[in-house]
Amino acid sequence: MDSFTMTRLMDAARTEAERSWQDGGIPVGAVLASEDGTIVARGHNCRVQHGDPTSHGETECIRRAGRRRDWHQLTLVTTLSPCPMCAGTAVLLGLRRVVIGERRSYQGAEEWLRQAGIAVDCLDDPACVALMERMQRLKPDLWQEDIGR
């Protein structure tokens, strides 16, 4: 997957993150795409909206993808480094690649992804960094709750 495609997909994931924020949630979004960049599913964090601690952006996206047999050909694009639950889901499904928007505010289980043979790319996207900085500044209690502190 080339850098142009990764950037385009990250734009779509950021749009999902903004949807969550506008709904009073945590600004993390994700898309699942084929190697040619075709988006097969979208999702955003709904943990607050649904009162469900497992409704992360990545898990919501994967749930929307439904039953598939081509997981090993798909790329998960997420605005934030995936937590152990989301990384574990990627490992379980055998995804091909995970593209991360930023890891400055939270370093997830990226090493686990690599150990499972999943390619990991971090774009260090300034707009993704800004999403999390805004949340930490405006809703610090929600941030602490989300990261389990």
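What is the Cα centroid distance between segment 1-63 and segment 107-149, reported in whole angstrom?
A separation of 13 Å, based on Cα centres.
Probe of 1.4 angstrom, ligands and nucleic acids ignored: what's the accessible area per residue over segment 1-105, in square angstrom?
Accessible area per residue: 42 Å².
From the backbone phi of segment 66-82, what are the Karplus-calculated ³J(HN,Hα) couplings (6.51 cos²θ - 1.76 cosθ + 1.60, θ = phi - 60°) in whole Hz, Gly and Pro given as x?
Values, residue by residue: x, 6, 8, 10, 10, 3, 5, 9, 9, 10, 9, 10, 10, 6, 9, 3, x Hz.
Could you order peptides 91-103, 20-32, 126-138 by the average number of other Cβ atoms within 10 Å of their residues, highest first?
Details: 91-103: 20.3, 20-32: 23.6, 126-138: 16.0.
Per-residue Cβ counts within 10 Å, averaged per peptide and sorted highest first, yield 20-32, 91-103, 126-138.
Quick one: with all protein chains in place, what share of the accessible area of segment 84-149 is carbon or sulfur, to the nearest percent (1.4 Å probe)?
Values: 1740 of 3500 Å².
After summing per-atom areas, the C and S share lands at 50 percent.
What residues qualify as long-range amide H neighbours of Ala41, i.e. H under 5 Å apart, gap of 5 or more or another chain, H built at 1.01 Å from N?
Result for Ala41 returns Leu32.
With labels modelled as points extended 7 Å from the Cα through the Cβ direction, what inter-label distance (nm, one decimal) is found for Phe4 paired with Leu138?
Each label point lies 7 Å from its Cα, and together they span 3.4 nm.
Provide the net charge surrounding Thr15, with neighbours chosen by a C-beta distance below 12 Å and charges set as Lys +1, Arg +1, Asp -1, Glu -1. Write down the numbers at each step before the final one.
Values: positive: Arg8, Arg14, Arg19, Arg42; negative: Asp11, Glu16, Glu18.
Summing Lys and Arg as +1 and Asp and Glu as -1 gives +1.
The values are calculated or read from the model by the stated rules, or taken from the named source; none is laboratory data. These numbers come from a predicted model, not from an experiment. All Cβ positions, even for glycine, are placed from backbone atoms using ideal geometry, and neighbour counts span all protein chains on display. Each accessible area value is taken on the protein alone, full model and side chains, heavy atoms only, with ligands, DNA and RNA left out. Shrake-Rupley method; radii C 1.70, N 1.55, O 1.52, S 1.80 Å.
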